[in-house]
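See structure below.
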Amino acid sequence: MNLATVTIIVKIILPNKSDNFIKYLITFLIALITGSGMLLAQSSIDTVYIDDDFNANTPGWGVYSFDKINDGIAAVDTFGTVYVFNGNYSENVQIYKTIDLIGESRDSTIVNNAASTESISIQADVDSVTITGFSIKKSGGLGSVLIIESSYNYIGANIINGIGFGWECCHNTIIDNTISDSYRAISYQAFCDSNQIIDNIITNCSLEAFNFDHCDYNTISGNTITNNGNTAINFHACNNNTITGNTISGHSKGLYFPNCMCGGCNNNIIYHNNWINNGIHAWDECSNVWDDGYPSGGNYWDDCTGPDNYSGPNQNMPGGDSIGDNPYQITGGNEIDHYPLMFPVGMAAPAETVFVDDDFNSNTPGWNWDHFASIQDGINGVAFGGTVNVANGTYFENISILKTVSLFGQDRDSTIIDAGGSGNVVSIDADSAFVIEFTIMNSGTSQNGIYLNDAKYCTISGCNIKYCGNNGMSIVNSDHNLISDNKIFFNNSNGGIWLSEADYNSILENEILNNRLGLGVGNSQNNTISGNLIAYNGYFGGIYLNLASNNTYTNNVIANNESIGIDIHYYSSNNTIRNCDIFDNGEYGIKINGCDNNQIYHNYFADNTLGNAYDSGANDWSNGYGNPFDPAEEGGNFWDDYTGFDNFSGSEQNQPGGDGIGDSVCIIPEGNNIDNYPFIHQNGWNANLNLNADFSANRLSVQYGETVRFIDRSEGSPINWAWDFDNDGITDSHQQNPVWKFSESGTYTVSLTINNGSIERNESKTDYITSLNGQIITLNEGWNLVHVPPGIQPDVKNLFYPVDMIIVKSYAGGGIYWPGFNINSLVNLKPGKSYFVLMNSSGSITFPEGN
């Protein structure tokens, strides 16, 4: 009958007695039994009892009952047992004989040395000691437990602040302990061999979990090793050790095998471990074995994303086997894991579909398997190629996608990933990842909303990307990706989208608004940019090309940008620009700086401030004139400033009868370029098509009296246009390209009816334009770029009075409102201009309604 059973029986018999009385009685009974009734005359003491509440009135006091552990050790015989009841013991326990030291409860039997040395030590040449059931505190020296030249000890089921081993400590078993909050969890000095470290939880040690120095034939198995300073397992000149079945996560370096001057680390065997979220999982400069052969396999590496399409020892047979088809390269040398595992060892197979909600918690069914509270945990937990469904909410985190997953938000406006001003919001370093229907915002100062790096065949669609320090989206060394139906705006320092060494990507039907640059294409080839609205971008304009060739730009609206609509620079050649509406830009519609062999045709140019085009290279501004002439494929562009006539036809424009092409060429300023076949009518290249109504707008969201310019994109040469901007059945304009101001806030359906004298067609776009009055603008802590809408000129003091603002200054730095220093050279904000605002903390301002 064990002690716990005896305690229960006594409490049943004597239910009204105190715990101390029961403890004394049990001690007395045990003394009677073990001493054969001779309480004070025992010649040997096999078992003693320690309680910090014992005193001189306790039966057996000073013989087998003590209030100090050291006193009990002194009294008990070698090979005896020291049983310690729950309590707090402030002493340096020194074990100098072979004993079993047993605590009543690991949570409540506490040894805590008040001095700076260890709390329990096993002295030199003392072997076969058992320590179990304690919370051993005070991380001094090498730890709260110190073992000095001692072997065959058993340290199990304790809570410990670190264990230090001296020289030649062999055949020790460290099992089922929680070891934390020390400099090192376990430290071995030289020649500590054949030890077993099994099933421990090791966490939050400031330098490393394990340090081994000239130690061989040790086994490290089944441990959970997390968040321990720099390194999880640090070996120096250690050979023939086995590391298996551990989960190692959250370290700068998971395992370190250096080939140092003390000697290398060779013939170690490492397999069936889970390596998760370490900076470097393992560093091996030596010669070791990193798998258990086939089909047993190697290790799970969270950055090994497959594929797993084959099986067999050579991974060349059809069908997956949960082993990666390619070996995993170990950092530092030439070693590889031949058979990397696709799923973590000892864990349930990852779910194919997981759910994320910021309201989930440990009480949620499926918690941490298929239900998570953070998006990153959901990505880490889902199977390769699986789906992560994210519920509406604001998730303050940075997302890293390192494997093929599909990430779906519930609603693009209400499912928000907010990086809080630090790092990239979403980083993608894997192929075939999907990010759909999110708001992605508040990256670090020089980081991005979405950063694709060496990622292929990914899809980013239906997202709002805003308030990011560098680019809304950076696509770097990444090919064959689809970027569609996103709204990318207010990315203050740089661009909406930037491509760098990125080829064969499709940028389709995005709104790219109010960035410093709309779209940048650098050293990138064979991309398709089509159907995008690129408007109201700042100093660097709409589209900027640098070393960018063989790209296609079609059906884009490029309007109202502060500088150039499309700026082509530095050896950017063989690009095609077709069917784009390029108007109302602050400088040129298109400016080509010494680049050749680009083809620009079937575009609409109008009202660009410095001119519709500028070309100092050698480029083709039309697509020829065949016999017969096919305007759907041939001809040049429409220019609103072209003043020619259409009395002739033919490739030389010398045959009687008009053909929709101007009889004289349109000269492109600066060089020797001309549009040989300028169209007389807007969309004249659609003259031979069936009548079809269509239109676009230079903005889809209107603020405070801003105007919207509508562009007719109809096919089939209409001659009459009737616009209804508010869906009331009354025609509001008969102009082909009208400008309209919405006087009230709301969402408007816009309708266009056309005819060609005999046939009528209509196109209606439901909820197409949103008009906002008195809009609330959110300002984040730090610098913000605030755009003042047209039609208002607010007083700066009144506008910013409600918020914790430091300084407002104009874009060019000429005017300043700085109330802290009583400086107010900036009184009124000018309509249509942008201003820098520095905030102490986040807040919001409300612009007044426009006129």
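The values are calculated or read from the model by the stated rules, or taken from the named source; none is laboratory data. Remember, it's a predicted structure, so these values are computed and weren't measured experimentally. Glycine also receives a Cβ, built like all others from the backbone with ideal geometry; neighbour counts cover every protein chain displayed. These accessible areas exclude ligands, DNA and RNA; they are computed on the full protein's heavy atoms, side chains included. Shrake-Rupley method; radii C 1.70, N 1.55, O 1.52, S 1.80 Å.
Checked against the criterion of being within 26 Å of D51 (Cβ to Cβ), open to solvent by 10 Å² or more (accessible area, probe 1.4 Å) and either in contact with a strand residue (DSSP E or B) (Cβ under 8 Å, 6 or more places away or on another chain) or in a strand (DSSP E or B) (or both), the candidates V126, V111 yield just one match: V126. Residues in segment 692-707 that are closer than 16 Å to S764 by Cβ and open to solvent by less than 20 Å² (accessible area, probe 1.4 Å): A693, F695, S696, A697. Contact annotation: residue pairs with Cβ atoms under 9 Å, 6 or more positions apart or on different chains, pairing a residue in segment 162-187 that is free of Cβ contacts under 8 Å to residues at least 60 places away in the same chain with a partner that is acidic (D, E) and assigned to a strand (DSSP E or B), are Y183/E208; R184/E208; A185/E208; S187/E208; S187/D213. The residues in segment 424-436 that are in a loop (DSSP other than H, G, I, E, B), at pLDDT 95 or above and either polar (S, T, N, Q) or on the phi > 0 side of the Ramachandran plot (or both) can be counted, and the count is 1. In segment 669-706, which residue that is under 47 Å from the mean Cα position of the chain (by Cα) and of a type in the set (A, V, I, L, M) is farthest from T846 (Cα to Cα)? My answer is A693. Taken over segment 548-594, the criterion of being farther than 23 Å from S500 by Cα, over 37 Å from the mean Cα position of the chain (by Cα) and outside any loop (DSSP other than H, G, I, E, B) is satisfied by F583, Y588, G589.
Quick one: would you say G421 is open to solvent by 30 Å² or more (accessible area, probe 1.4 Å), out of contact with any His (no Cβ under 8 Å at 6 or more places or on another chain), modelled with pLDDT under 95 and not β-branched (V, I, T)? The answer is yes for G421.
Here is a yes/no grid of residues against (1) at pLDDT 95 or above; (2) part of a strand (DSSP E or B); (3) open to solvent by 10 Å² or more (accessible area, probe 1.4 Å); (4) of a type in the set (D, E, K, R):
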site	(1), (2), (3), (4)
L142	no, no, yes, no
L146	no, yes, yes, no
E149	no, no, yes, yes
Y152	yes, no, yes, no
W167	no, no, yes, no
C170	yes, no, yes, no
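Of note, A632 does not satisfy the criterion of being open to solvent by less than 40 Å² (accessible area, probe 1.4 Å), part of a strand (DSSP E or B) and of a type outside the set (F, W, Y). Restricting segment 820-831 to residues that are closer than 12 Å to L799 by Cα and outside any strand (DSSP E or B) leaves a set whose member that is most open to solvent (accessible area, probe 1.4 Å) is V827.
Results for (1) open to solvent by 10 Å² or more (accessible area, probe 1.4 Å); (2) assigned to a strand (DSSP E or B), shown as yes or no for each residue.
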position	(1), (2)
N234	yes, yes
I243	no, yes
I248	no, yes
G254	no, yes
N266	yes, no
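The set of residues in segment 725-748 that are more than 25 Å from T554 (Cα to Cα), part of a strand (DSSP E or B) and open to solvent by 20 Å² or more (accessible area, probe 1.4 Å) comprises W740, K741, G746, T747, Y748.
Only residues that are touching a His at 6+ places or on another chain (Cβ under 8 Å) and either modelled with pLDDT under 95 or under 10 Å from P678 (Cα atoms) (or both) were counted across segment 604-635, and they come to 1. What about N239, is it open to solvent by 30 Å² or more (accessible area, probe 1.4 Å), closer than 20 Å to G332 by Cα, in contact with a Cys (Cβ under 8 Å, 6 or more places away or on another chain) and at pLDDT 95 or above? Spelling it out, N239 is indeed open to solvent by 30 Å² or more (accessible area, probe 1.4 Å), closer than 20 Å to G332 by Cα, in contact with a Cys (Cβ under 8 Å, 6 or more places away or on another chain) and at pLDDT 95 or above.
Note on segment 635-646: among residues that are part of a loop (DSSP other than H, G, I, E, B) and aromatic (F, W, Y), the one that is least open to solvent (accessible area, probe 1.4 Å) is Y642.
The residues of segment 106-119 that are under 21 Å from V76 (Cα atoms) and modelled with pLDDT of 95 or more, listed by number, are T109, I110, V111.
Every residue, every condition in (1) assigned to a loop (DSSP other than H, G, I, E, B); (2) open to solvent by 30 Å² or more (accessible area, probe 1.4 Å); (3) basic (K, R); (4) modelled with pLDDT of 95 or more, yes or no:
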| residue | (1), (2), (3), (4) |
| --- | --- |
| A185 | no, no, no, no |
| S206 | yes, yes, no, no |
| N211 | no, no, no, no |
| N228 | yes, no, no, no |
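For N597, the conditions (1) at positive phi; (2) over 50 Å from the mean Cα position of the chain (by Cα); (3) not charged (D, E, K, R) all hold with the exception of (2). Report yes if G495 is on the phi < 0 side of the Ramachandran plot and more than 15 Å from the chain's Cα centre (by Cα), otherwise no. In short, yes.
Within segment 647-677, the residues that satisfy the criterion of being buried (at least 19 other Cβ atoms within 10 Å of the Cβ) and among the charged types (D, E, K, R) are D659, D675.
Taking residues in segment 604-626 that are more than 20 Å from S572 (Cβ to Cβ), and partners anywhere that are charged (D, E, K, R) and open to solvent by less than 30 Å² (accessible area, probe 1.4 Å), the pairs with Cβ atoms closer than 6 Å and at least 6 places apart or on different chains are Y604/D581. Go through the residues of segment 519-531 one by one and say whether even a single one is among the β-branched types (V, I, T) and more than 33 Å from the chain's Cα centre (by Cα). Within segment 519-531, not a single residue is among the β-branched types (V, I, T) and more than 33 Å from the chain's Cα centre (by Cα).
Just for segment 832-847: of the residues that are open to solvent by less than 60 Å² (accessible area, probe 1.4 Å) and assigned to a loop (DSSP other than H, G, I, E, B), which one is nearest to H787 (Cα to Cα)? Looking at the filtered set, the residue picked out is G832. The set of residues in segment 89-104 that are at pLDDT below 95 and within 23 Å of A124 (Cβ to Cβ) comprises E91, N92.
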